[in-house]
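Some notes on the structure that comes next.
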Amino acid sequence: MINIALDGPAGSGKSTVAKILAEKLGILYLDTGAMYRDCALKCLNSGVDVSDEVGVKGIIDGLDLKIRYDGGAQVTLLDGKDVSKEIRRAEISMLASTVSAHKAVRMKMVEKQREIASEMDCVLDGRDIGSFVLPNAKYKFYLTADSMVRAERRYKELKERGEEVDLNALHEEIIKRDYNDSHRDFAPLVKAKDAEVIDTSYISAEEVAEIIIKKVKG
Ligand code: DC
């Protein structure tokens, strides 16, 4: 089984690189961030504060979340409805970061992630894949990039989707989110000891993917 763990902070290029890898290697791409975004969206729609542990636990216990693949693209169904576009909204990012800090949320999502990874060759992107979800994955990479470069990438992405966002506000939010993600108690964002670091600030996603493919193909 090929499992490639791609971790790193927001905007480090994980999802773009993961999509290229999945296509070139003919394997599945599991976007684990989408799963935490789904939990956040469910809380938002149910009027539950993402910081409220008891409220969030109630949401998680009854969560109807399904992941499907449509021509290689991940489709997320929440209560039977395709929310793949909705979860990418800027306001969901911070909510996902907060909701993902709850242990009950992580355990439920991690169980699903491990199940998928044990059944299929895949590349998983996230924050704790190499360090916690799949500590025995053969291939582990930790992508980083300058925070302003990362904010600019997100800015471009959101603009292309028609969302009005302010670059400086986005930069501040990214720094705050990185802090949250790397300082939570349970399974924080961290470079696994045996992960290879790739700084993506000034190289293209194709080049990053090539570096990884070379390692995987040996
Ligand atoms: O990768 P993303 O921006 O879609 O992730 C949204 C949030 O979800 C991120 O700020 C932290 C959380 N997350 C996590 O805690 N663990 C993962 N494996 C993936 C995402």
Phi to ³J(HN,Hα) by Karplus 6.51 cos²θ - 1.76 cosθ + 1.60 over the range 70-78, Hz, x for Gly, Pro: 10, x, x, 8, 6, 10, 10, 10, 10
Ordering of 62-71, 39-48 by packing [mean C-beta count within 10 Å, highest first]: 39-48, 62-71
Only Lys, Arg (+1) and Asp, Glu (-1) charged, at Cβ; the chain dipole about Cα centre in debye: 460 debye
Positive-end residue, the chain charge dipole about Cα centroid, Cβ charges, pick of A5, T16, I67: A5
Residue-span extension gain [K214 to L77] - 0.36 nm each, minus C-alpha spacing: 45.9 nm
Ellipsoid semi-axes in whole angstrom, largest first, where each is sqrt(5λ) of the Cα gyration tensor of the chain: 25, 21, 17
Under Karplus coefficients 6.51, -1.76 and 1.60, residue-wise ³J(HN,Hα) of the range 174-189 in Hz, glycine/proline x: 5, 5, 5, 5, 4, 4, 3, 5, 8, 10, 5, 6, 9, 6, x, 5
Average projection area in nm² (convex hull over Cα atoms of the range 105-193, one quarter of hull surface): 7.1 nm²
Residue-wise HN-Hα coupling along the range 121-131, computed from phi with Karplus coefficients 6.51, -1.76, 1.60 (Hz; x: Gly, Pro): 5, 7, 10, 10, 10, x, 10, 10, 5, x, 8
Sites matching chymotrypsin sites (Phe, Trp or Tyr not before Pro) across the range 162-218 that sit in DSSP coil, with at most 10 neighbouring C-beta atoms within 10 Å: Y202
Other-chain or far-sequence residues with amide H under 5 Å of V75's (modelled H): R68, Y69, D70
Antiparallel content of DSSP bridges confined to the chain, in %, to 5: 30 percent
Cα-only radius of gyration and Dmax that characterise the range 49-137, units Å: 13.7, 38
Cα-based Rg / Dmax (Å) for the range 1-71: 15.2, 43
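Just so you know, all these numbers are worked out from the coordinates, no wet-lab data involved. Note that this is a predicted model, so its numbers are computed, not measured. Quick reminder, even Gly has a Cβ in these numbers, built from the backbone with ideal geometry, and neighbours come from all protein chains shown.
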